[in-house]
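Chemist: Below you'll find the structure I mean.
The values are calculated or read from the model by the stated rules, or taken from the named source; none is laboratory data. It should be emphasised that the depicted structure is a prediction, and the values quoted were computed from it without experimental measurement. So basically every Cβ, Gly included, is an ideal-geometry build from the backbone, and we count neighbours across all protein chains shown.
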Amino acid sequence: MALQSTLRSKLPNVKTTIFTTMGNLAREHKAIDLSQGFPNFETDSTLIDLVTKAMKEGHNQYAPMAGYYRLRETIVQKIEKLHGKAYDVATEVTVTIGATQAIFTAITAFVRPGDEVIVIKPAYDCYEPAIEVNGGIPVYLQLDGDDYSIDWEAFRSKITPKTKMAIINSPHNPSGRIFSKNDMLKLQDVLKNTNIVLISDEVYEHIVFDGATHESASRFDDLASRSFVCASFGKTFHVTGWKMGYCVAPSELMREFRKVHQFNVFCVDHPVQRAMATYLQNERHYLDLNGFYQQKRDFFLNAIKGSRFNSIPAQGTYFQLLDYSDITDEADEKLAKRLLTDHKIACIPISSFNVDNRNDRALRFCFAKTQETLEKAADILNGV
């Protein structure tokens, strides 16, 4: 009997991600790519030079399993200054290969077969496969497509005796919405007196607009006591290909996290950690991102004022949803592919993030691009 006939997939429903699909089509059709969430401009040359310096100084062997101590120390100092929460450098922070690895590791450390995990939809597509491959059961809370606000009583109704974990994401991909202080307080109230572990995906922590504040789970005592807060240097410093992030959590949670981490990746790129530790000393490198990306958001939205797309300005992230209800009734995936093949512009259909591929008649566009790219994209969208 051929081996293939006896194999049984642990992820039978997982297909190629919409990001890979649209990215490949964008390259094939030589389209302007506003689909995947990566900048098309270079990072600060200072950071490149710091990595080069670390390599030339010989920091090319294994880093400590939990991460280079000075980097962990700097992360802890940053969080305490921004959010008022003091994590222990030795036991409560781990440097990871991006936030996706941190999320996968946290899920793997705690979710057993039959455990339920609440996932707020639309959701980034790495959550559910990580739950399912560990035998867990995703339990969905589908947000309304108008403003993607959260009904916390509906969230409460999803909790059962089998609920092991919940996952939140703010600033939220794909909607661009941020969780307010009131949202976080309501979440804290819902989870209080439970044993539910929280994963707070905060990869866009330094990209919020219009004077708003990023309300990290670290700011709220009860949430912090049960949370893995996951973050991304790749998103923050325009180096998504470096796959560099971190995770903070109380020591009793981080102890279990590291048991999985050490046998999964063991440690993370050493010279990049050294560079990050130095680069983070200048807080303007991350605090100025809000203004940097707000300028791009505002430029993009102003440039498409002549189009038939409708929008509510993103509150955070570097993604903007555009509503196409005034243009066509067709499914968002069909329109996204038609925009790509006929108009040479790539985006992401929001149905890919929703329960049962619900069509919200909205497309996600990444504005982490050069002004020239955004101008070309706007010219196309204005002509649709």
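Chemist: Which ranges mark the helices (runs of 4 or more DSSP H) fully within segment 146-249 that have 1 or more residues being closer than 19 Å to Phe367 by Cα and not hydroxyl-bearing (Ser, Thr, Tyr)? Step through it out loud before you land on a result.
Modeler: Values: elements: 152-157, 181-191, 221-224, 233-236.
The helices (runs of 4 or more DSSP H) meeting that bar are 233-236.
Chemist: What do you reckon, is Thr94 outside any helix (DSSP H, G or I) and under 21 Å from Thr240 (Cα atoms)? Before the answer, list the steps.
Modeler: On the way: outside any helix (DSSP H, G or I): yes; under 21 Å from Thr240 (Cα atoms): yes.
Yes.
Chemist: Cβ-Cβ under 7 Å, sequence separation 6+ or interchain: first residue in segment 27-53 and over 18 Å from Thr370 (Cβ atoms) and assigned to a helix (DSSP H, G or I), partner among the hydroxyl-bearing types (Ser, Thr, Tyr) and modelled with pLDDT under 95. Which pairs?
Modeler: Matching pairs, first to second residue: none at all.
Chemist: Still on this structure, I have one more. I want to confirm something. Restricting to segment 106-163 and keeping residues that are acidic (Asp, Glu) and without any contact (Cβ under 8 Å) to a residue 12 or more places away in the chain, which single residue is nearest to Gln320 (Cα to Cα)? Explain how you work it out, then say what you get.
Modeler: Of segment 106-163, the ones acidic (Asp, Glu) are 115-116, 125, 128, 132, 144, 146-147, 151, 153.
Applying the additional criterion that residues be without any contact (Cβ under 8 Å) to a residue 12 or more places away in the chain yields 128, 144, 146, 151, 153.
Numbers: Glu128: 23, Asp144: 17, Asp146: 14, Asp151: 22, Glu153: 28 Å.
Ranking the qualifying residues of segment 106-163, first place goes to Asp146.
Chemist: Let me ask something additional. Please work out if Tyr324 is touching a strand residue (DSSP E or B) at 6+ places or on another chain (Cβ under 8 Å), in the same structural domain as Leu335 (by TED's automatic domain parsing) and not charged (D, E, K, R). Outline the logic, then answer.
Modeler: Working: touching a strand residue (DSSP E or B) at 6+ places or on another chain (Cβ under 8 Å): yes; in the same structural domain as Leu335 (by TED's automatic domain parsing): yes; not charged (D, E, K, R): yes.
Spelling it out, Tyr324 is indeed touching a strand residue (DSSP E or B) at 6+ places or on another chain (Cβ under 8 Å), in the same structural domain as Leu335 (by TED's automatic domain parsing) and not charged (D, E, K, R).
Chemist: Identify, please: which residue in segment 259-273 is of a type in the set (Val, Ile, Thr) and in a loop (DSSP other than H, G, I, E, B) and is, among those, surrounded by the fewest Cβ atoms within 10 Å (Cβ to Cβ)?
Modeler: Taking the candidates together, the pick is Val265.
Chemist: Would you check which residues across segment 134-148 are at pLDDT below 95 and exposed (fewer than 13 other Cβ atoms within 10 Å of the Cβ) and list them?
Modeler: Within segment 134-148, Asp144, Asp146, Asp147 meet the criteria.
Chemist: Here's a follow-up. Has segment 69-83 got at least one residue that is in a loop (DSSP other than H, G, I, E, B) and either farther than 20 Å from Lys243 by Cα or in the same structural domain as His270 (by TED's automatic domain parsing) (or both)? Break it down into steps so the answer makes sense when it comes.
Modeler: First, pick out the residues of segment 69-83 that are in a loop (DSSP other than H, G, I, E, B): none.
There is no residue in segment 69-83 that is in a loop (DSSP other than H, G, I, E, B) and either farther than 20 Å from Lys243 by Cα or in the same structural domain as His270 (by TED's automatic domain parsing) (or both).
Chemist: Just to be sure I understand, how many residues within segment 281-306 are part of a loop (DSSP other than H, G, I, E, B) and either out of contact with any helix residue (DSSP H, G or I) (no Cβ under 6 Å at 6 or more places or on another chain) or crowded, with 20+ Cβ neighbours inside 10 Å (or both)? If you could, list the steps in order and put the result at the bottom.
Modeler: To start, the set of residues in segment 281-306 that are part of a loop (DSSP other than H, G, I, E, B) comprises 281-283, 288, 304-306.
From what's left, either out of contact with any helix residue (DSSP H, G or I) (no Cβ under 6 Å at 6 or more places or on another chain) or crowded, with 20+ Cβ neighbours inside 10 Å (or both): 281-283, 288, 304-305.
Within segment 281-306, residues that are part of a loop (DSSP other than H, G, I, E, B) and either out of contact with any helix residue (DSSP H, G or I) (no Cβ under 6 Å at 6 or more places or on another chain) or crowded, with 20+ Cβ neighbours inside 10 Å (or both) number 6.
Here is a yes/no grid of residues against (1) modelled with pLDDT of 95 or more; (2) polar (S, T, N, Q); (3) within 28 Å of Phe263 (Cα to Cα):
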| site | (1), (2), (3) |
| --- | --- |
| Met1 | no, no, no |
| Phe38 | no, no, no |
| Asp44 | yes, no, no |
| Ala63 | yes, no, yes |
| Arg70 | yes, no, yes |
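Chemist: Would it be correct to say that Ala86 is in the same structural domain as His238 (by TED's automatic domain parsing) and surrounded by fewer than 20 Cβ atoms within 10 Å (Cβ to Cβ)? It would help to see each step written out before you state the result.
Modeler: On the way: in the same structural domain as His238 (by TED's automatic domain parsing): yes; surrounded by fewer than 20 Cβ atoms within 10 Å (Cβ to Cβ): yes.
Yes, satisfied.
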